[in-house]
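Below you'll find the structure, written out as structure tokens, and then a few comments.
We did not get these values from a lab; they are worked out from the coordinates using the rules stated. Remember, predicted model here, so these are calculated numbers, not experimental data. Don't worry about glycine lacking a Cβ; one is built from the backbone with ideal geometry, like all the others, and counts go over all protein chains shown.
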Amino acid sequence: MPHPKTWLKVCPQGLYCEPGGFFIDPTRAVDRAVITHAHSDHARPGHRAVLASAGTLALMRARLGEGPAGLTQQALGWGERLRMGEVTLWLEPAGHVLGSAQVAMEYRGSRAVVSGDYKRTPDPTCDPFVPIPCDVFVTEATFALPVFRHPPPDHEIARLLASRALFPERTHVVGCYALGKCQRLIALLRGAGWHEPIYLHGALAALCAVYEQQGVALGELRAATAAAKDQLKGAIVLAPPGAITDRWARRLAEPVVALASGWMRVRQRARSRGVELPLVISDHADWDELNATVDEVGAPEVWVTHGREEALIHCITQRGVRGRALRLVGYSDEDDEGLSEEAAA
Amino acid sequence: MIAFADLLERLVFTPGRNAKIALLRRYFASEPDPDRGIGLAAVTGELAFTAAKPGLIRELAAARTDPELFAWSYDYVGDLAETVALMWPGKPTNAAPPSLTEVVETLETAPKSELPGIVAGWLDASEPSVRLALLKLITGALRVGVSARLAKVALAEMTDGRVAPDDVEEVWHGLAPPYAALFAWLEGRGVRPDPADAPVFRPPMLAHPLEPQDRVSLDARDYRAEWKWDGIRVQLVATPGGKRLYSRSGDDISGAFPEIVDAMNFEAVLDGELLVIREGEVAPFADLQQRLNRKGVTAKMLRDFPAGIRLYDMLFEGSEDIRPLPFDARRARLEAWHARVRPRLMALSPLIAFDSIEDLSAIRDDARAASIEGLMLKRGDSAYVPGRPKGQWWKWKRDPLTIDAVLMYAQRGHGKRSSFYSDYTFGLWREDGELVPVGKAYFGFTDAELAMLDRWVRNHTTARFGPVREVERAMVLEVAFDAAQLSTRHKSGVALRFPRIARIRTDKPAAEADRLETLMRLVENRAAEAGAAVA
Ligand SMILES: [Zn+2]
Ligand SMILES: [Zn+2]
């Protein structure tokens, strides 16, 4: 049985499955790409053939345009087996954002799973993570420090609504990443009984429409730009993180500035962004989820793509799991967790 | 502890005064006694714990966490208590988080050796935000950013206007945590607490700035004039129940000025200016600053920065409230009392003789001493009324000094200004052609000027460091300030007092802005500094 390191390789473009002839989430344009999810650092434009879940492909077309999203696109359903060269490949949900997938590969009896970005907390806008037993598990490590333990998202939404009740005249503007976090926040708010219209910054509308087309109901959404200041009193407005303390926010009524991100767990991070109401809501696995997932898939070897690999590897080594840092460049989960300084396009 | 931790969490990130008041009000209105009273004491800094040291937190962490994971985490978070609060691996427990009351009572009674076990149990039962509040509280590191005054305004708001903040102020210092009688009064369930002989703070009477249009209508005969000292205004309260020195905002600063409190061997409530005074000479404000914001004081500080008082009003003589008397009558009582009692370290702030407002104007222009900010004008018939009654007292500051400086950096503001680059660092040219920063200003401009500066900053950015932008050296700002003093803490060696933007000089090329040496000529404490260096 060939060890996965003999057939799954780190190249300048990203992870390459040699006997299958495809890259996973390549950071440069390639001939054949398998894409885990539609975040911009994982789904780059310009590949010739793209294989992904239907949800991911729809989001890629909305973000990148028909051509740049892949000249030929192939959608694969959950668990559907596909032969690529000498490799059998299938996708299972990763629970990160709509359409996000883990890529499972089998080659001559040896199995590797590339999980992409993932989380274990239930998310009403995407299918839940499915653990796949494997020989090598490839994981992210965005929040791989024991200080990152995300509280239940309902708890954070309750804090937002409590603040809205205390300051009913002020606009609550919540900074959130345009893909995933935004729609999850809306769904969480609806689930918590917030049925008022939710106002959106222009950069968020298009992807919300894709979610709706994919069957995720979001309730009444309105354009914040078109609303009068008076209308926004007491409203909840969602905007890209870069806009919440920028000129755009001047249209809002005495805003309470909130930001939804796993990074908000650390006070200094919230303070440096001028956030008044930090909401710890993340689309990435926290420390406990990362460790539990490694244990659950039972892989004797774990590769870490990006993030704080040293703490995770230190910890799993003590449990007898071999760890390897891939140090893939080009992935930035500061961005998809809402820390980039300027408004997302 | 849960509601208290929530409150702290919100207060820490909330810039707006009104929002802070709303948060405090909700907390006081919804929490039960005695917890809310202890919470009140905690946010106003009246709870001081010394039982637990940061060392205890380290020991707890060492016992429960992997040293490498702890080191990485601490390195990332940067704050010991926060690191432990976040990474604490709780043991499953059915215990509820402790109440504030339980925490306070336990800390007062538990033997020191049992403390680590007790605290660990509390941490196990709590969520991260409660753990953080707990660790900050027990190590005496709770910094909330709420003044005592703000808490009193929030307390008064509980009554929807029935009780004013100044009413709370009047009874405040006679009360002690958990303030059950205070809350009963505020909620209409009890009588107003009687401060009796307690040395309580009396809300001060304040002055309006004297604008040119006010000046024309003044009749010189109605007014008395005093120097406006550049120190801090204080209230000296000595009653049979105790002796206190309060700042203008009602903070008890007795601990920082023991020599003044020692000298208060009388029964009276006095209004005056706290200053550093060496051999009868009033030192600049920078010297007084060495004594402020300290809980204790060393013998060396007492010697190097000796404090004294210039008295200008009397509120109580003995137990008699003389605030309803006119200023002239109070002044006469103050002078007679001072001649009789002769309190150490306290002199009368003299009345300045003048015939006309023009006369005064000349006196004000001549007063360039560092210790004098200008003049105070007080109506001879004015009763001592808390707050800022119209037309009674005026402050007439001398004209500010100005420099033309070059904008170097701009930083985003806070709260309502968080979308604007509203904090400006400006510099002056040194002889070698380098521009050195000399100060920072964040007010003095109109909304329209702010919008214009914000736009200019965005269009002329040369580098960015987080919330700060470095800009082209092309914008000249006329900066007004009250005084310039030598300072070792500033790169330029000089510190400005109350710098503000007076004008935007788009007409002036940056190369023609002022030089550092021009500013150095305006420095007031050069001699004093040289003297201090010798000593
Ligand atoms: Zn992602
Ligand atoms: Zn990622």
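Annotation note: GluC sites (Glu not before Pro) in region A:144-253 located in DSSP loop regions with a Cβ neighbour count of at most 16 within 10 Å are A:Glu169, A:Glu220. When A:Met1, A:Met264, B:Met408, B:Met475 are arranged by Cβ crowding within 10 Å, least crowded first, meaning fewest neighbours, the order is A:Met1, B:Met408, B:Met475, A:Met264.
Maximal additional length on extending the B:Arg278-B:Arg388 stretch stands at 36.3 nm, based on 0.36 nm per residue less the C-alpha distance.
Among the GluC sites (Glu not before Pro) in region B:166-196, those located in a DSSP loop and surrounded by at most 14 other Cβ atoms within 10 Å of their own Cβ are B:Glu187. In loop segments of region B:111-186 as defined by DSSP, the trypsin sites (Lys or Arg not before Pro) with at most 12 further C-beta atoms inside 10 Å of their C-beta are B:Arg143, B:Arg162. The B:Leu345 and A:Arg251 beta-carbon pair, evaluated with R₀ = 60 Å, returns a calculated FRET efficiency of approximately 0.60. Structural descriptor for chain B: relative contact order 11 percent, calculated from alpha carbon pairs under 8 angstrom and at least 6 residues apart. Of interest is the spacing of the C-alpha centroids, which for region B:403-444 and region B:459-494 amounts to 3 Å.
Measuring between their Cα centroids, region A:71-121 and region B:231-291 lie 74 Å from each other. Taking the helices alone, chain B has a mean residue ellipticity at 222 nm of -10500 deg cm²/dmol, built from -39,500 (n - 2.57) per DSSP H run of at least 4 residues and averaged over all its residues. Just tell me the longest site-free run in chain A, where the sites are trypsin sites (Lys or Arg not before Pro) in a DSSP loop having at most 12 other beta-carbon atoms within 10 Å. Free of exposed loop sites, the longest segment is A:109-318. For region B:63-201, the relative contact order is 17 percent, taking Cα pairs closer than 8 Å that sit 6 or more residues apart in sequence and dividing their mean separation by the residue count. Modelled spin-label separation between A:Lys229 and B:Ala463, with each label point placed 7 Å from Cα along the Cα-to-Cβ direction: 3.7 nm.
For the pair B:Glu114 and B:Ala184, what calculated FRET efficiency results from E = 1/(1 + (r/R0)^6), where r is the Cβ-Cβ distance and R0 = 35 Å, to the nearest 0.05? For R0 = 35 Å, the calculated efficiency reads 0.50.
Over region A:240-288, the pair-distance histogram of Cα-Cα distances with 10 Å bins from zero comes to 26, 50, 21, 4, 0 percent, rounded to whole numbers. Rounded to the nearest 20, the Cβ-based charge dipole of chain A about its Cα centre (Lys and Arg +1, Asp and Glu -1) stands at 420 debye. When chain A is treated as a Gaussian network with alpha carbon springs shorter than 10 Å, the biggest mean-square fluctuation among A:Val329, A:Val130, A:Val275 belongs to A:Val329. What the Cα convex hull of region A:93-188 gives, in volume per residue, is 110 Å³.
Each Lys and Arg adds +1 at its Cβ and each Asp and Glu adds -1 at its Cβ; summed about the Cα centre, chain B shows a dipole of about 380 debye. Using the Cβ-Cβ distance between A:Val130 and A:Ala325 with R0 = 25 Å, the FRET efficiency computed as 1/(1 + (r/R0)^6) comes to roughly 0.50. Just to confirm my numbers, what's the Cα centroid distance between region A:169-199 and region B:1-37 in Å? Measuring centre to centre over Cα atoms gives 25 Å.
Comparing A:His155, A:His39, A:His201 in a Gaussian network model of chain A where C-alpha atoms under 10 Å apart are linked, the largest mean-square fluctuation is found at A:His155. Pairs with C-alpha atoms separated by more than 30 Å, drawn from the list B:Lys397/B:Lys508; A:Lys229/B:Lys395; B:Lys243/B:Lys440; A:Lys229/B:Lys152; A:Lys233/B:Lys397, are A:Lys229/B:Lys395; B:Lys243/B:Lys440; A:Lys229/B:Lys152; A:Lys233/B:Lys397. Once Rh for the protein assembly as shown is found with the Kirkwood sum over Cα pairs, what is the Stokes-Einstein diffusion coefficient at 10 °C and 1.306 mPa s, in µm²/s? In µm²/s, the coefficient rounds to 50.
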